[in-house]
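A short reminder: the numbers here are calculations on the coordinates, not readings from a lab. Note that this is a predicted model, so its numbers are computed, not measured. Glycine gets a Cβ as well: all are built from the backbone with ideal geometry, and neighbour counts include every protein chain shown.
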Amino acid sequence: DSGVTQTPKHLITATGQRVTLRCSPRSGDLSVYWYQQSLDQGLQFLIQYYNGEERAKGNILERFSAQQFPDLHSELNLSSLELGDSALYFCASSAGTGINEQYFGPGTRLTVT
Amino acid sequence: QQPVQSPQAVILREGEDAVINCSSSKALYSVHWYRQKHGEAPVFLMILLKGGEQKGHEKISASFNEKKQQSSLYLTASQLSYSGTYFCGTERNNDMRFGAGTRLTVKP
C-alpha cells in the first residue's frame, strides 16, 4: 500500500459525458501527478500540482483539467469523453518539487462506451 | 520527448541476469526507474541523479551516463518476483516522461 488513495476504482460512462477522478496523496506529500495509461501502453504524464499550484503540464488534452485543493487532495476532470479516453488513470504523490520518488495510487479504470 | 527503452521484452530463467537500457535525445538531469506488475500500480525502484547520487529501495543496480544520456538497469540473479514491466522516466522542469516499458518475464 503506497498510501495514495484514488476513487473511484472503476468508472463506466458514455461518450460526451463528464467525470471527476479523485486522489488523496500520501500524508505529508505536497506534489500530485496525474498519468494516463492506455491498454498495453506506457505512462503518459498529464499534469503536476505542488501545494495547490500547477507546476508542470504534459500531454493533457484541453477537455481535461485538474486542480489541487487546500487539503492537498486533487481532482482530474475529464469532459466531452471519447472512446479513446478509456484508460487507467494514475495519481502519484511525492514529497516536493525536487527530484523525489513518486508513490502511485491504485488507479481509476475509466471505460467510455 | 519520451525516452527510448530497449529491449521491448525479455524472458529469463530464474537466476539469469538482464540489462534494460534507457536513452534520451535530450540532456538528462535524473533518471527514474519503476516496475509495474500486471494489474497493479507502478512501484518506485531507483532514481539516478546527475553527479552520481542514487536513491533506491531495492537491491537493484543501475548506471547513469550523463554524457551519453543513457541509463541502464541491471537485474542480477533474477527471481520470479522480478517479473513485470519496467519503465524508465526522465524528468526536466518537473515534466516527467516515461519510456514505453520493457516487459520482463522470469520463468522457473
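Note the full-extension length gain between A:R63 and A:I12 as 0.36 nm times their separation in residues minus their Cα-Cα distance, in nm to one decimal.
Between A:R63 and A:I12, full extension yields 16.6 nm more.
Rg and Dmax of the stretch B:34-108, using alpha carbons, in Å: what are they?
Rg and Dmax of the stretch B:34-108, Cα atoms, are 12.9, 42 Å.
Quick one, what does Rg over Rh come out to for the protein assembly as shown if you take C-alpha atoms and the Kirkwood Rh?
0.97
Can you find, among B:P7, B:N93, B:A62, the residue farthest towards the positive end of the dipole of chain B? Put +1 on the C-beta of Lys and Arg, -1 on that of Asp and Glu.
Selected residue: B:N93.
Pulled fully out, how much extra length does the chain show between B:E66 and B:K50, if you take 0.36 nm times their separation in residues and subtract their Cα-Cα distance?
Separation in residues times 0.36 nm, less the Cα-Cα distance, equals 5.1 nm.
Can you tell me which aspartates and glutamates have their Cα less than 19 Å from the Cα of B:K107? Leave out same-chain residues fewer than eight positions away.
Once the sequence-local aspartates and glutamates are set aside, what remains near B:K107 is B:E14, B:E16, B:D17.
What number, in nm² with one decimal, is the all-direction average of the projected area of the convex hull of the alpha-carbon atoms of chain A?
So the mean shadow area of the Cα hull is 6.5 nm².
Restricting things to Cα coordinates, could you compute the convex hull volume per residue of the stretch A:46-103 in Å³?
91 Å³
Given contacts defined as C-alpha pairs under 8 Å and at least six residues apart, what's the relative contact order of chain B, whole-number percent?
39 percent
Taking amide H positions as placed in the peptide plane 1.01 Å from N, state which residues far from B:I60 in sequence (5 or more) or on other chains have amide H under 5 Å from it.
Amide H to amide H, under 5 Å and 5 or more residues apart or across chains, B:I60 pairs with nothing.
Calculate the all-directions average of the projected area of the stretch B:1-81's alpha-carbon convex hull, and give it in nm².
Average projection, Cα convex hull of the stretch B:1-81: 5.7 nm².
Charges only on Cβ, +1 for Lys and Arg, -1 for Asp and Glu: so what's the dipole of chain A about the Cα centre, in debye to the nearest 20?
160 debye
So how much slack lies between A:L39 and A:T20, counting 0.36 nm per residue of separation and subtracting their Cα-Cα distance, in nm?
4.8 nm
Can you list the residues, at least 5 places off or on another chain, whose amide H is less than 5 Å from the amide H of A:N100, using H built in the peptide plane?
Placed amide hydrogens put nothing under 5 Å from A:N100.
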